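The values are calculated or read from the model by the stated rules, or taken from the named source; none is laboratory data. Source: prediction; values computed, not measured. Counting neighbours? That spans all protein chains shown, and the Cβs are built from the backbone with ideal geometry, glycine included. Ligands, DNA and RNA are excluded from the accessible area calculation, which covers all protein heavy atoms including side chains. Shrake-Rupley method; radii C 1.70, N 1.55, O 1.52, S 1.80 Å.
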Amino acid sequence: MDVLVMIGQLLLGLSILVVLHELGHFWAARAFGIKVEKFYLFFDAWGFKLFSINYKGVEYGIGWLPLGGYVKIAGMIDESMDTEQMKQEPQPWEFRSKPAWQRLIVMLGGVTVNIILGIFIFWMMTFKYGDSYIPNSALKYGVAPGVVGKEIGFEPGDKVVAINGQPLLKYNDLMSSDVILGNSVITVVRDGKEKDLSVPPGILNTIADYGMQEFVTPRTKFSVDSIVSGMPAAKAGLQKGDVILAVNGAETIFFDQLQSILKANQNKKIELTVSRKGQNITIPVTVSNEGTLGFLPKLDNIPFETEYYGFFESLPIGASKAWTSLVDNAKGLGKVVKGEVKANKAFSGPVEIARKLYGGTWDWVKFWNITGLLSMALALMNLLPIPALDGGHSLFLLIEMIKGKPLSDKFMEKAQIVGFVLLATLMVFVLGNDIFKAFMK
């Protein structure tokens, strides 16, 4: 069932983004009197399609290959690769007959709609749900580092006070792009003294391997919640509500402390000092092969605060979130180009997007937030100056406007073929990487 939910969310999210992106091209083309012959969600590769109808001279349909979509604009070398049409005399209703500035607007129509959609989604989400965060001042016990955090130099109990010299007021900002994109400095207070931790430029590689949950988490005290039947905790007589105070006589009041001790004592017998109903008792227990006892913890509550905004107040905040996601994606892409982040760590295909982002639970708030992020990512991808992408077409049009004459049809055909080869190669790489990651899981 989880798999179906993941697939359903992915298909719905991509369908919304693709349809609206292609509508941007469609509306712009029709506004300038350019004929649109096809409008397809997904690709009808090799002529196969799931559904199609003709309405007012346009064929609307759904293809079988869920890797995007397209509009076939008359007089333009596009995804359909209809080179025969280009050999005929230009018609006034064709793309190639229009001024370069009109063609440029048509090419940027899809990206424009994706950007507007991203801003609109973040605007509405901010207006409806506000901006929730954990006040940094609420983390009285500091943070507990995971694998990623330890690589940077965090130690249990560190209190983060600043990022790049700016005071940290919201704990959530510790997970921002200013940190995870590397080349930043985190200031912590440790043993009463400030210490600067440098985040390496390639930290995204480690995050891709272990996940953000292995960066840092708020350090909290805990109690025993539910007990797993048949596990060491149940056999030893640990009960719901017990509070573990020490292990082998050493104070152990934080959950990350207990986890570290258990991992270091796999298959070994340890002695727990437990507070139960006001009395301290001693419980001997043998740690499992996996370094666990077999209970779920009840962590101390970490207080959240939410700031709410009016309808128009939410607009600049939503726009800022959308713009930040676009800039972050561009920075991440730049790190791949510079070799600071491995491509197989940075790029995710549909399997990874469905599993890591959407997940197996249908949560509309999460769905729309992720769809907003993907809309901005799609806008950036289409702006790349690669032939066959909107950015490549736009680059050629800008060159035409500077030269004062169009590039040759033969050049455009060859460029389109090169672009499709590049995109196909990238798609094979991403899908292959997806399948490999899924297999390794």
Worksheet, complete the sentence: The residue that is surrounded by the fewest Cβ atoms within 10 Å (Cβ to Cβ), considering only those in segment 260-293 that are among the aliphatic types (A, V, I, L, M) and in contact with a Pro (Cβ under 9 Å, 6 or more places away or on another chain), is Ile270
Worksheet, complete the sentence: Within segment 8-28, of all residues that are touching a helix residue (DSSP H, G or I) at 6+ places or on another chain (Cβ under 6 Å), within 24 Å of Gly359 (Cα to Cα) and aliphatic (A, V, I, L, M), the one most open to solvent (accessible area, probe 1.4 Å) is Leu20
Worksheet item: Here are some conditions: (1) in contact (Cβ under 8 Å) with a residue 60 or more places away in the chain; (2) in a strand (DSSP E or B). Thr292 meets all but one. Which one does it not meet?
Response: (2)
Item to complete: Report the residue count in segment 249-259 for those that are closer than 20 Å to Asp300 by Cα and either open to solvent by 30 Å² or more (accessible area, probe 1.4 Å) or in contact (Cβ under 8 Å) with a residue 60 or more places away in the chain (or both).
Response: 7
Discussion item. I'd like the full set of residues that are touching a residue at least 12 places away in the same chain (Cβ under 8 Å) and in a helix (DSSP H, G or I), limited to segment 39-54.
Written reply: Ala45
Worksheet item: Quick one: is Arg96 among the charged types (D, E, K, R), surrounded by 15 or more Cβ atoms within 10 Å (Cβ to Cβ) and at pLDDT below 85?
Response: yes
Discussion item. For the structure I just gave you, tell me whether Phe215 is over 22 Å from the mean Cα position of the chain (by Cα) and on the phi < 0 side of the Ramachandran plot.
Written reply: no
Worksheet entry | Selection from segment 238-279 of residues that are under 17 Å from Ser226 (Cα atoms) and among the aromatic types (Phe, Trp, Tyr) | Phe255
Fill in: Filter result (touching a residue at least 40 places away in the same chain (Cβ under 8 Å) and within 16 Å of Leu139 (Cα to Cα)) within segment 174-187
Leu174, Met175
Worksheet item: Do any residues in segment 149-164 that are closer than 21 Å to Gly211 by Cβ have Cβ atoms under 6 Å from those of residues that are assigned to a loop (DSSP other than H, G, I, E, B), where the two are at least six apart or on different chains, and which pairs are they?
Response: Gly149/Phe215; Asp158/Gly142; Val160/Leu168
Discussion item. When you scan segment 390-399, do you find a residue that is farther than 20 Å from His25 by Cα and either touching an Asp or Glu at 6+ places or on another chain (Cβ under 7 Å) or part of a helix (DSSP H, G or I) (or both), even just one?
Written reply: yes
Worksheet item: Using beta carbons and a limit of 6 Å, which pairs, at least six apart or on different chains, have the first residue in segment 229-248 and at pLDDT 90 or above and the second one part of a helix (DSSP H, G or I)?
Response: Val247/Ile261
Worksheet, complete the sentence: Picked from segment 303-341 (must be open to solvent by 40 Å² or more (accessible area, probe 1.4 Å) and of a type in the set (Gly, Ala, Ser)), the residue farthest from Leu373 (Cα to Cα) is Gly339
Worksheet item: Are there any pairs with C-beta distances below 9 angstrom linking a residue in segment 13-38 that is within 18 Å of Trp101 (Cα to Cα) to a residue that is of a type in the set (Asp, Glu), with the two at least 6 apart or on different chains, and if so which?
Response: His25/Asp390; Ile34/Glu94; Lys35/Glu94
Discussion item. What are the pairs with Cβ atoms under 7 angstrom where one residue, in segment 198-213, is under 14 Å from Lys150 (Cα atoms) and the other, located anywhere, is aliphatic (A, V, I, L, M) and part of a strand (DSSP E or B)? Sequence gap at least six, or different chains.
Written reply: Ser198/Val185; Val199/Ile186
Practice prompt. For segment 267-287, indicate whether the set of residues that are at pLDDT 90 or above, over 25 Å from Glu155 (Cβ atoms) and part of a loop (DSSP other than H, G, I, E, B) is non-empty.
Written response: yes
